[in-house]
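Participant: Below you will find the structure I want to go over with you.
The values are calculated or read from the model by the stated rules, or taken from the named source; none is laboratory data. The structure presented is a predicted model; accordingly, all values stated were derived computationally and were not measured. Using ideal geometry, Cβ is built from the backbone for each residue, glycine included, and neighbour counts are taken over all protein chains shown. To get the accessible areas, we keep the full protein, side chains included, count just its heavy atoms, and leave off ligands, DNA and RNA. Shrake-Rupley method; radii C 1.70, N 1.55, O 1.52, S 1.80 Å.
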Amino acid sequence: MERWKGRVALVTGASVGIGAAIARALVQHGMKVVGCARSVDKIEKLAAECESAGYVGTLVPYKCDVTSEEEILSMFSAIKTLHQGVDVCINNAGLAHPEPLLSGRTEFWRNMIDVNVMAMCICTREAYQSMKERNIDDGHIININSVVGHVTYSDAIIHFYIATKCAVTALTAGIHDELHDQKSHIRTTVLEAEDIASAVVYALGAPLHIAIGEIIIRPVEQIK
């Protein structure tokens, strides 16, 4: 992780849970972390905690609703102005609504698509462009997925959610292929986990000649 000290990481959905844990871990390893969410109160509190703990890096809270492309683009513009650009993009923001395929409400389907799929794609595109314009060839794009992106569950209330996570799996593979076509050494990783901050650090810290394509983490009690 030494090579990442002082470099910039964007973490979406950084106010709670996995996103907050990732942000904390990266700050602890000396990175400048932009943590975004619709509400930044909790990120501001986390930033203060990181500062009090004497961590080497910094956490910058940024208010952004990732269902809005305009807000995402504004965030990337602000990051460019303040920090030159993004070196690591961690697409963590995600949500699930219990809306079956045969009776679900369209607005909630659309919300899942916007957060779980579209936001990831827009942030990935903007992060790549940020790296490309600065000739950053060792950047990293990490997509936080769910195990349901690989395994189908027969539970009607999450069928649409499952579809969005299968899309994340497919899109990450597509991003990898497009980066390869561009002869880029920017790496992509898709993570499926419930506690994955250490896995993010592991993926970022891997030697440059190794690409950690995917890490799947399950609780020991989980059967499948």
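Participant: GNM on the chain, C-alpha springs below 10 Å: top fluctuator among HIS29, HIS140, HIS209?
Facilitator: HIS209
Participant: Hey, can you list the DSSP H helices of the chain whose Cα span along the axis is 18 Å or longer and whose average Kyte-Doolittle score is at least 1.6?
Facilitator: Length and hydropathy pass: none found.
Participant: Next up: Find the cysteines in the chain that fail to meet the 4.7 Å Cβ criterion with every other cysteine, and list them.
Facilitator: If one checks each Cβ against the other cysteines of the chain, CYS50, CYS89, CYS121, CYS123, CYS166 turn up with nothing under 4.7 Å.
Participant: Then there is this: Near the amide H of ARG38, under 5 Å away, which other amide H atoms are found, from residues 5 or more places off or on another chain, if H is placed in the peptide plane?
Facilitator: Here CYS64 satisfy the definition.
Participant: How much length is gained if the chain between ILE217 and LEU102 is pulled fully straight, taking 0.36 nm per residue apart and subtracting their Cα-Cα distance, in nm to one decimal?
Facilitator: Stretched fully, the ILE217-LEU102 segment lengthens by 38.3 nm.
Participant: Also, quick follow-up: Say we join alpha carbon atoms closer than 10 Å with springs in a Gaussian network model of the chain; which of SER15, SER198, SER52 then has the biggest fluctuation?
Facilitator: Top of the fluctuation ranking is SER52.
Participant: Using a Gaussian network for the chain with springs between C-alpha atoms less than 10 Å apart, which of these wobbles most: PHE160, PHE108, PHE76?
Facilitator: PHE108
Participant: Additional query: Carbon and sulfur together cover what percent of the accessible area of the chain at a 1.4 Å probe radius?
Facilitator: Carbon plus sulfur share of accessible area: 55 percent.
Participant: Same structure, new question: Need the C-alpha centroid separation for the stretch 50-78 versus the stretch 109-136, integer Å.
Facilitator: So the two Cα centres are separated by 15 Å.
Participant: Let me ask you something else. Treating the Cα atoms of the stretch 6-119 as identical point scatterers in vacuum, please give the log10 of the normalised Debye intensity I(q)/I(0) at q = 0.10, 0.14, 0.20 Å⁻¹, two decimals.
Facilitator: -0.31, -0.56, -1.00
Participant: With all protein chains present and a 1.4 Å probe, how do ARG187, ARG125, ARG24 order by accessible area, largest first?
Facilitator: From most exposed to least exposed: ARG125, ARG24, ARG187.
Participant: If you don't mind, there's one more thing I want to ask. Find how much the distance from LYS80 to ARG3 grows on full extension, using 0.36 nm per residue of separation minus their present alpha carbon separation; answer in nm with one decimal.
Facilitator: 25.7 nm
Participant: Using θ = phi - 60° and the Karplus curve 6.51 cos²θ - 1.76 cosθ + 1.60, what whole-Hz ³J(HN,Hα) does each residue of the stretch 95-103 get, with Gly and Pro shown as x?
Facilitator: Once rounded to whole Hz, the list reads 7, 9, 10, x, 10, x, 5, 8, 9.
Participant: Could you give the length gained by full extension between ALA53 and ILE113, i.e. 0.36 nm per residue of separation minus their alpha carbon distance, to one decimal place?
Facilitator: 17.9 nm
Participant: How long is the chain along each principal axis, judged by its Cα atoms, biggest number first, in Å?
Facilitator: Computed over the Cα atoms, the extents are 49, 40, 39 Å.
Participant: Kindly report the accessible area of the chain per residue (heavy atoms of protein chains, probe 1.4 Å, no ligands, DNA or RNA), in Å².
Facilitator: 49
Participant: Could you sort ASP65, ASP137 by accessible area so the largest value comes first, with the probe set to 1.4 Å?
Facilitator: ASP137, ASP65
Participant: Determine the calculated [θ] at 222 nm for the chain from helices alone, applying -39500 (n - 2.57) to every DSSP H run no shorter than 4 residues and normalising by the residue count; nearest 500 deg cm²/dmol.
Facilitator: Mean residue ellipticity, 222 nm, calculated: -13000 deg cm²/dmol.
Participant: Using a cut-off of under 18 Å, list every residue of the stretch 116-132 whose amide N is near the label point 7 Å from the Cα of ILE157 along the Cα-to-beta-carbon line.
Facilitator: Zone members listed by number: none at all.
Participant: For ALA53, what charge total do you get from the other residues with a beta carbon under 14 Å from its beta carbon, if Lys and Arg give +1 and Asp and Glu give -1?
Facilitator: Taking every Cβ under 14 Å from that of ALA53, the sum is 0.
Participant: Report the net charge of residues surrounding GLU71, where surrounding means a beta-carbon distance below 14 angstrom and charges are Lys +1, Arg +1, Asp -1, Glu -1.
Facilitator: Its environment carries a net charge of -3.
Participant: Related question: Step through the table entries LYS32/LYS165; LYS42/LYS80; LYS32/LYS63; LYS5/LYS132; LYS80/LYS165; LYS5/LYS42, compare each Cα-Cα distance with 26 Å, and write down the pairs that go over it.
Facilitator: LYS32/LYS165; LYS80/LYS165
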